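A quick write-up on the structure given underneath.
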Amino acid sequence: MNTIIKLLLVWSLSLVVVLTMGCNEDSDSDAADVVGGRCEYNDIQGTATINSVAVPDAGEDNCKNAVKIMFTFTPDDVSAPDDYRFGEWPDTDRQFTVGAGKNPPKAWTESVGLVQGSTYKCVRSEIINGTCTPVIFSFPKIDVTGWEEECF
């Protein structure tokens, strides 16, 4: 039974990823084919500093042996926040997650160097067209694969 639950969870996460990728698809198809239009973002380059790595609450969406990672984003252009489309979406106390919002496994985070005080190139992406997530923070230099092996 435990194996079936794991397979269903992996299948569900895969479906969410596929559906999310469809939202960001950059094909030649007509934007009218996607409800709300094709999602486009304005990217703001910056740096993320890992503020804390802690044990998450049991009720959170956690991998096995998970850690909760909080970071602060600092844009390269100090005046960028003046032009944010979503200024109410703060750059501080952001949570780093994997998959569909899970707190990642500790062993994986350590293997990619996500430790308190570390810094990484980070991108704050704000939606300018479509109906996807308004603000997304991404870490282009972190390989976000392999966490699944430690998660379940």
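Residue by residue through region 41-71, note down the ones that are charged (D, E, K, R) and in a strand (DSSP E or B). Talk me through it step by step, then tell me what you get.
Restricting attention to region 41-71, the residues satisfying the condition of being charged (D, E, K, R) are 43, 57, 60-61, 64, 68.
Of everything in region 41-71, those that are charged (D, E, K, R) and in a strand (DSSP E or B) turn out to be D43, K68.
Would you be able to say whether some residue in region 33-45 is loosely packed, with under 13 Cβ neighbours inside 10 Å, at pLDDT 95 or above and under 21 Å from V135 (Cβ atoms)?
Taking every residue of region 33-45 in turn, at least one turns out to be loosely packed, with under 13 Cβ neighbours inside 10 Å, at pLDDT 95 or above and under 21 Å from V135 (Cβ atoms).
Going through D26, D57 one at a time, which residue ends up being loosely packed, with under 12 Cβ neighbours inside 10 Å and either at pLDDT 50 or above or farther than 19 Å from P140 by Cα (or both)? Give the derivation first.
Details: D26 fails: either at pLDDT 50 or above or farther than 19 Å from P140 by Cα (or both).
Selected residue: D57, the only one of D26, D57 that is loosely packed, with under 12 Cβ neighbours inside 10 Å and either at pLDDT 50 or above or farther than 19 Å from P140 by Cα (or both).
Among the residues of region 85-104, how many are in a loop (DSSP other than H, G, I, E, B) and either of a type in the set (A, V, I, L, M) or within 19 Å of K121 (Cβ to Cβ) (or both)?
Count: 5.
State the number of residues belonging to region 116-135 that are closer than 19 Å to K68 by Cβ and within 17 Å of the chain's Cα centre (by Cα). Walk me through how you get there before you give the answer.
Of all residues in region 116-135, those closer than 19 Å to K68 by Cβ come to 116-120, 122.
In the following step, the residues that additionally are within 17 Å of the chain's Cα centre (by Cα) were identified as 119-120, 122.
Qualifying residue count, region 116-135: 3.
Filter region 108-133 for residues that are free of Cβ contacts under 8 Å to residues at least 60 places away in the same chain and surrounded by 15 or more Cβ atoms within 10 Å (Cβ to Cβ) and give the result.
Here is the first cut: in region 108-133, the residues free of Cβ contacts under 8 Å to residues at least 60 places away in the same chain are 108-113, 133.
Across region 108-133, the qualifying residues are W108, T109, V112.
The values are calculated or read from the model by the stated rules, or taken from the named source; none is laboratory data. Since the model is a prediction, treat every value here as computed from it, not as a measurement. Reconstructed Cβ throughout: ideal geometry from the backbone, glycine too, with neighbour counts over all protein chains shown.
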